[in-house]
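Read through the structure below, which is laid out as structure tokens, and then see the notes.
The values are calculated or read from the model by the stated rules, or taken from the named source; none is laboratory data. What you see is a predicted model, and the numbers here were worked out from it, not measured in a lab. Neighbour counts are summed over all protein chains in view; Cβ atoms, including those assigned to glycine, are modelled from backbone coordinates with ideal geometry.
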Amino acid sequence: MSKRIAVKRYSEGFVAYAKETVGLERILADLKNLKSVLRDNSEFLQFLRNPEITHLEKLETIDKVLNQDFSKETGFFLKLLLEKERIELINDIVEYIRINYAYQGETEALLKTSFPLDLELVERIEKSLEKKFQRKFKFFIDLDARLLGGVQVTMGNRIIDGSVKRRLEELREQLNSIRIY
């Protein structure tokens, strides 16, 4: 199973499970705090990955680190990742959930354009993307004159680039690849 598929499956599974018991807001808060713990204590993740440390010691450490500040569901999830030997995915899982659920099920999307767009056009773009990807988006708009025209939409690690700049770059590459004899 590819890393991207595993991240998505574990993320969606955890959200589905924990949303029913503690709610989406608590999950997001826990994961934000967990991201801080992992960032500020890089040795914690190294400890969990270390094959010389027993599984029981790792479980006890998770319980100590996550004590009363985290929901028991978050602790169970970390232990599951540890047991399934997927603990190295934790940062990617946290980021996936943040991007896809930070706005109560809406995905963050950055819409870049070289000039201000009509509200009606932004709504049409939004509806089109929601239909295509079957999810709600929370749009942020950024003006970027370097695009020369058109739009570019960034959703997580996916970019849809309909800018004039990209089209000109593609045309330049095509012209450079033509051999004239």
Residues of the stretch 5-53 satisfying the condition of being more than 14 Å from Asn91 (Cβ to Cβ) and of a type in the set (Val, Ile, Thr): Ile5, Val15, Thr21, Val22, Ile27, Ile53
All positions within the stretch 129-152 that are modelled with pLDDT of 85 or more and either surrounded by 11 or more Cβ atoms within 10 Å (Cβ to Cβ) or in contact with a Leu (Cβ under 9 Å, 6 or more places away or on another chain) (or both): Leu129, Glu130, Phe140, Ile141, Asp142, Leu143, Gln152
Given the criteria under 30 Å from Asp30 (Cβ atoms), of a type in the set (S, T, N, Q) and touching a Ser or Thr at 6+ places or on another chain (Cβ under 7 Å), does Asn100 qualify? yes
Pick from the stretch 41-92 the residues that are in contact with an Asp or Glu (Cβ under 6 Å, 6 or more places away or on another chain) and in a loop (DSSP other than H, G, I, E, B): which of them is farthest from Glu12 (Cα to Cα)? Phe70
Residue check: is Arg124 over 18 Å from Lys8 (Cα atoms), at pLDDT below 85, of a type outside the set (Gly, Ala, Ser) and part of a helix (DSSP H, G or I)? no
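Just give me the residues in the stretch 163-181 being part of a loop (DSSP other than H, G, I, E, B) and touching a helix residue (DSSP H, G or I) at 6+ places or on another chain (Cβ under 9 Å), in sequence order.
Ser163
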So, of the residues in the stretch 166-181 that are of a type in the set (A, V, I, L, M, F, W, C) and over 27 Å from Thr113 (Cβ atoms), which turns out to be nearest to the chain's Cα centre (by Cα)? Ile178
With the structure loaded, tell me whether Leu80 is surrounded by 17 or more Cβ atoms within 10 Å (Cβ to Cβ) and either at pLDDT 85 or above or assigned by TED's automatic domain parsing to the domain that holds Ile27 (or both) or whether it fails that test. no
